[in-house]
Amino acid sequence: MTTSTSVPVTVRILEREYIIACPEDEQMVLHQAVQYLNSKTREMQSKGKAIGADRSLALTALNLANELLQQRSRQEKASEQLHQLKNKIDTALIKCAQMDL
């Protein structure tokens, strides 16, 4: 396992610049996250009344957190369904093996 050194990276969120410590090997993902955040925030601003950048970012953060929680819930349900299916397959295989004896 390698550890990557954090370096300062300047990012622009809406019209503000921020310097963020980021592992060298994660800079591309950080820039993708910033682009996604900017896109979602501008989308939020275009839908409604004129609101400030701070409020836009807060609402966008809430929307993204909600999306993340919904995705986690779907993933947990899918994982549980796969587990149940695996158990059914295992049971069927055991029954088939017993029939062959």
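Derivation of every value follows stated rules applied to the coordinates shown; laboratory data play no part. All of these numbers come straight from a predicted model, not from anything done at the bench. Cβ sites come from the backbone with ideal geometry, for glycine too, and all protein chains shown count toward neighbours.
Here is how the numbers come out for the structure above:
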quantity: Cα-centre dipole for the chain with unit charges at Cβ (Lys and Arg positive, Asp and Glu negative), debye to 20; calculated: 540
quantity: Full-stretch length increase - K47, L68 - with 0.36 nm per residue and alpha-carbon distance subtracted; calculated: 5.4 nm
quantity: The chain: angle of helix 27-47 to the longest principal axis, Cα-based, in degrees nearest 10; calculated: 70
quantity: Helix-only CD estimate at 222 nm, as mean residue ellipticity for the chain, using -39500 (n - 2.57) per DSSP H run (n ≥ 4); calculated: -25000 deg cm²/dmol
quantity: Computed lengthening from R55 to R16, 0.36 nm per intervening residue step minus Cα-Cα distance; calculated: 12.6 nm
quantity: Pairs of Lys in the chain closer than 28 Å at Cα, counting only those 8 or more apart or on different chains; calculated: 6
quantity: nm² value of the averaged projected area, convex hull over the Cα atoms of the chain; calculated: 11.1
